[in-house]
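See below for the structure under consideration.
Since every read-out is calculated from the coordinates, none of them should be taken as a lab result. Small disclaimer: the values here were computed from a predicted structure and weren't measured. With ideal geometry, Cβ positions are generated from the backbone for all residues, glycine too; neighbour counts draw on all protein chains shown.
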Amino acid sequence: MPRTERDALGELTLPDEAYYGVQTARAVANFPVSGAGASPDLVRAYAFIKKAAALANVELKVLDSEKGKAIVRAADEILANWDCHGFPPHCPTGASEASKTVAVPDPRFPEGQFVVDVFQAGAGTSLNMNMNEVIANRALELTGRPKGDYASIGPNDHVNMSQSSNGTFPTACHIAVIFSADTMLAVLANLVAAFEAKGRGFGEIPKVGRTHLMDALPLRLGDEFRAWATALKRAGERVAQRKNDLLEVAIGGTAVGTGAGAPAGFRQLVIVKLSGLTGLALAPARDGFEALQSRAQLAAFSGSLRELAQEFGRIANDLRLLGSGPTAGLAEISLPAVQPGSSIMPGKVNPSLAECLNMICFQVIGNDLAVSLAAQAGQLELNVFAPVMVHNILSSLDMLSGFLPVFTDKCVSGIEADEERCRSYLDFNPALATLLAPKIGYLAAAELAKAAIKSRKSVPQLAVEKGIISAKEADELFGAGPH
């Protein structure tokens, strides 16, 4: 049977199977924007917050124990239903033993109760109320009461007790991003290891270096791969550093940062509870007012993803260049063939995975622009644009977490070197004249380089022919370069 619920704006009829309530229904009607709902990470983060708040409120004796237990159990069921990138339900890495009791999901309580679009009312009020209403109605059901009996267990009076969307939503954003970032950083580490392994495998292959896309001094193919590993490792370290900045959370500040409406000690106690449940070393914001006004920490984290994307884009471009060909390009390496490259040219194979990585990088950088605009648009006591910020950040993390394992396994791990091609380029590299400059001077070396290009002879060969150095000296000077 449908039920009717009332809020400050009037009444709405809801289907009986809905655990969400009237305020969620209004949000669904008001914001039919993208069709995308909250990510599992954000839902789980919010459920942790509601559980921690109920535990804290019961301990502070402002919430009835029976109501608190029902709220906790409903939150547990949400945590059991919603996966979080491989974390065991209700037990993320590092969680305390006290938090590891897993509720069994009720088949009547499906995941599809979180229906608010990611583009919603400012400050995340719509998602906060979606969570409050779902938990309240499930808690009512668990205690034998009908859905909508909010006088007994209400979304505002009990589930949202001592809280405001202004503090809980930024806190949920931080926790969700930390969870998602941990997943991304783990797959990034595997990719770094794959580049390092290729660096070792290609460590004895000499090749032409290129600056300005022109021939330059020689290096080893392995040097390029190791440098890519170093760049990605460094970028990952910046992501990890910015992730740790998110451990400082806004919860407890309520509406404007004063903590009004929350009992004494709530801010400290709820963070202790939340830390135990999530396994994260969370800390109160150093300034409760700044924590609501500014979303700089999220923006800085997004910036670290942009920096990572910039490195990935550069590396993807290099892989495409070095693998270009097979007859009219550089073709120093070959990337694994993963699909046919043309609908009209038989046998053509393209660097499809590197191209996909490029496109992901463009999107991550675009997402960061949206985050940056949202971060600077805050006004007075609150930046209301956290919903679009966390959506874009989690989207970037999800894309990277989903694709990097594929890129590692199907592209980087299967790269092969064409050592003969590398050496053939090096043999006729005019930049080798640089190695003779200390002996014959810069201008004479430049003339030798031009002569080598014109005669299509190698610099070492020409230097020996002109009597500049002996064959033995050429072998010693150019060593592992040309053969």
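Quick notes on this one:
- Computed over the range 261-404, Cα set: Rg, Dmax in Å: 22.1, 74
- Under a 5 Å amide H cut-off, with hydrogens placed 1.01 Å from N, ILE469 pairs with VAL464 among residues at least 5 apart or on other chains.
- Percentage relative contact order, the range 155-236, counting C-alpha pairs under 8 Å, at least six apart: 27
- Size descriptors for the range 1-68, from the alpha-carbon set: Rg then Dmax equal 15.5, 42 Å.
- Projecting the Cα atoms of ALA240, GLY203, ALA36 onto the charge dipole of the chain (Cβ charges, centred on the Cα centre) puts GLY203 farthest toward the positive pole.
- Label-point separation, ASP157 to GLU473 (7 Å along Cα→Cβ), nm: 9.7
- Value of relative contact order over the chain, rounded to a whole percent, pairs C-alpha under 8 Å and six or more apart: 16
- Farthest towards the positive end of the charge dipole of the chain, among the residues ALA121, LEU357, ALA331, is the Cα of ALA331, using unit charges on the Cβ of Lys, Arg, Asp and Glu.
- The range 36-77 and the range 248-295 have Cα centres separated by 15 Å.
- Cα-only radius of gyration and Dmax that characterise the range 135-185, units Å: 15.2, 45
- Computed over every Cα-Cα pair of the chain and binned at 10 Å starting from 0, the pair-distance distribution P(r) comes out as 4, 17, 22, 18, 13, 10, 8, 5, 3, 1, 0 percent.
- Cross-link table LYS61/LYS273; LYS439/LYS466; LYS243/LYS273, entries beyond 18 Å C-alpha to C-alpha: LYS243/LYS273
- Estimated FRET transfer efficiency when R0 is 22 angstrom, pair LYS466-LEU213 (beta carbons, to 0.05): 0.15
- Percentage, to the nearest whole number, of Cα pairs in the range 343-478 over 26 Å apart: 59
- Note: the range 428-478, Cα convex hull, 60 Å³ per residue.
- Working note: 222 nm ellipticity from helices only, DSSP H runs with n ≥ 4, each -39,500 (n - 2.57), summed and divided by the residues of the chain, gives -18000 deg cm²/dmol to the nearest 500.
- Ratio of the Cα radius of gyration of the range 187-252 to 2.2 N^0.38 Å, where N counts its residues: 1.61
- Compared with the alpha-carbon gap, the fully stretched path from LEU443 to SER34 is longer by 140.8 nm at 0.36 nm per residue.
- Helix 296-322 axis, angle to the chain major axis (alpha carbon atoms, nearest 10°): 30
- Nearest-ten-degree value, helix 165-201 long axis tilted from longest Cα axis of the chain: 20
- Cβ-to-Cβ counts within 10 Å put ILE251, ILE78, ILE468, ILE205 in ascending order as ILE468, ILE205, ILE78, ILE251, the fewest first.
- Phi to ³J(HN,Hα) by Karplus 6.51 cos²θ - 1.76 cosθ + 1.60 over the range 61-77, Hz, x for Gly, Pro: 6, 10, 10, 4, 4, 4, 4, x, 5, 5, 5, 4, 5, 5, 4, 4, 5
- Gyration tensor verdict on the range 241-308 (Cα atoms; rounded if a/c is under 1.5, prolate if a/b is larger than b/c, oblate otherwise): oblate
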